[in-house]
Every structure is written in C-alpha cells, then in structure tokens.
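J.: Sending over a structure as structure tokens; questions will come in a sec.
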Amino acid sequence: MNAPTQLKSKVSSSSPTTSILGDLASLSKLASSTPGMDLAAQLGNLHSGAVEDRVLKNASFMKKSKKSFKYIDSTKTKQISPYELKTGSIIPGVLITALNSELPGQVLGQVSENVYDTATGEHLLIPQGTKMIGVYSADVVYGQERLLVAWNRLVFPDGQTLNIGSMNGTDGTGAGGFADQVNNHYFQVFGSAFLLTLFNGDMTVKNGELVILQQDTNTERKETSIEKQASAVIEKQMDIAPVIEIRSGYQFNIFVTKDIILEPLSD
C-alpha cells in the first residue's frame, strides 16, 4: 500500500471500484501518518455492515436453538397394540402409473416389500402387493427438479382399505418428493429469446449473415403492431415452467407420520 507504484484506472468516478480504491488510498495515508494504526482492522470496517448482519443472524439462530434443561411435558406412552407401525417407519413402494407435472392428478403405486410391526418385526401388517393411492402437485417453478407427492389410501389384497391421511412420498435416500426426468424447455426459451431480439432490432439477418446492431440512443424507430404482438407472444413463451416426469417403475418410500394399528396377517 505504501509502495511508490501508482495505479491508473479508466473506471468512471461514479463506479464502485473507484470508491473502493479511494477508501484504500485514504486508509493507506492515514496508516502511514498514524503510529500503531491497524490497517487490517480498518480494512475490515469497509464491510462491517455485512459482517454485523451475519453475526446478528447467527446469534438469532443460536437463541432459537438454545436447549432447555426443564422437563418435557409428555411421558412415555405404552403401545396400545403389539401390531403397530410407528411414526418414522418406511413403507417401500413402486410406481404403477407415471407422473407428469403439466397437470395435477392421481397416482397409483404398489407396496414392493412386506412391512412388519415396529416393536418386534415379527408380525406382518402390510403385505407386498398392497395398492397405494395418492395425489401429486403440478405447482412447479423454474429450477425445481422434484415433484411433491402425498399418499392417502392403502388397498389391501383382501379388499380392505385404510385411510392414512396425507403421508409424504420420499425417494430412496429419504429426500422429500420424487426426482426423475426434467424438461426445462431450453430450446423453446432460448429460441424465443432469439426471436425477441430479432423483433427488437438488436440483431438482424443481412445477406444471409447474422448482424449485431450497435445500440444508438439518438435514433428512434416506431414499432409496428405486428412486432408488438409478436413480442408479447414470444415473452409468454419464455415464461414457461419446467415439466417434471416420473416414469412408471420408480422406486420410492412412504414416510409414516402417524402411528398405525393394524391386524396381523399370515405370510
């Protein structure tokens, strides 16, 4: 900082870079004329606002996660029945119908492995082949790659049914939602952007070659009604959500969120 080397910049005086260089030069002069001044500490003050904000957020997080050494309000609850499937259990399944996020709809799956009671693992409660009925969401935003699925009903091989509410579907790793194939419509989005640029006059085709037009603020061109309509249509095509597809045969799990009491079945 104190070296005689001079820095020259063509950046305008209103740019953030010039402001930072000016602050550094001022601190350098002040450090050279003030004995014992900690230049590193002063440089840190340039971003003290961001650091302070981060410290406050961390302090807030630690306050929320502060542990209490008081007794919890609840006590241990005994099993009502030896044939229970407890919260946190997993029901493995496989998709029979495919999913497509263009529209919401129903989904059908099937239990892929026998499910036994939680306490002993000896009593068969949900046999392999039990049907699963659920719904999936079509509310997908740009950048999303997972589809939200909720399972509502089990249909046993003997015709009995069980309403399980709305339990989450997870993938093999336990992550919420299903992830398989995603169509981001890149060709349509970038193609529409290219056409919009052509209509706006930033780019044109001349003698079979693509020509980039330089922006000139001193000239104005009246936009025709056809160009206005075309621009509006193309802009709508650019605002398109990705389509998530989950193929038939996809393996998943139902995460049990409430204790379930069932009658035992024979293997």
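J.: Can you tell me which residues in the range 90-111 are more than 14 Å from Gly169 (Cα to Cα) and either of a type outside the set (A, V, I, L, M, F, W, C) or surrounded by 13 or more Cβ atoms within 10 Å (Cβ to Cβ) (or both)?
T.: Matches in the range 90-111: Ile96, Thr97, Ala98, Asn100, Ser101, Glu102, Pro104, Gly105.
J.: Additional query: Cβ-Cβ distance below 9 Å, separation of 6 or more or different chains: which pairs start in the range 117-133 with a residue that is on the phi > 0 side of the Ramachandran plot and in contact (Cβ under 8 Å) with a residue 24 or more places away in the chain and end on one that is surrounded by 20 or more Cβ atoms within 10 Å (Cβ to Cβ) and not hydroxyl-bearing (Ser, Thr, Tyr)?
T.: Every condition considered, the pairs that remain are Gly129/Val111.
J.: Does Thr173 satisfy being loosely packed, with under 13 Cβ neighbours inside 10 Å, β-branched (Val, Ile, Thr) and farther than 20 Å from Glu84 by Cα?
T.: So Thr173 passes the test.
J.: Kindly establish whether Gly143 is at pLDDT below 95 and on the phi > 0 side of the Ramachandran plot.
T.: yes
J.: Is the range 52-65 home to any residue that is over 27 Å from the mean Cα position of the chain (by Cα) and at pLDDT 50 or above?
T.: yes
J.: How many residues, within the range 241-267, are of a type outside the set (Asp, Glu) and either touching a Lys or Arg at 6+ places or on another chain (Cβ under 6 Å) or not in a loop (DSSP other than H, G, I, E, B) (or both)?
T.: 11
J.: Can you list the strands (runs of 3 or more DSSP E) found entirely within the range 81-180 that contain at least 2 residues being out of contact with any helix residue (DSSP H, G or I) (no Cβ under 9 Å at 6 or more places or on another chain) and within 16 Å of Gln251 (Cα to Cα)?
T.: Once the strands (runs of 3 or more DSSP E) in the range 81-180 are filtered for at least 2 residues that are out of contact with any helix residue (DSSP H, G or I) (no Cβ under 9 Å at 6 or more places or on another chain) and within 16 Å of Gln251 (Cα to Cα), what remains is 90-95, 105-111, 131-136, 149-155, 161-170.
The values are calculated or read from the model by the stated rules, or taken from the named source; none is laboratory data. Keep in mind that what you see is a predicted model, and the values were worked out from it rather than measured. Here Cβ is always computed from backbone atoms with ideal geometry, including for glycine, and neighbour counts include all displayed protein chains.
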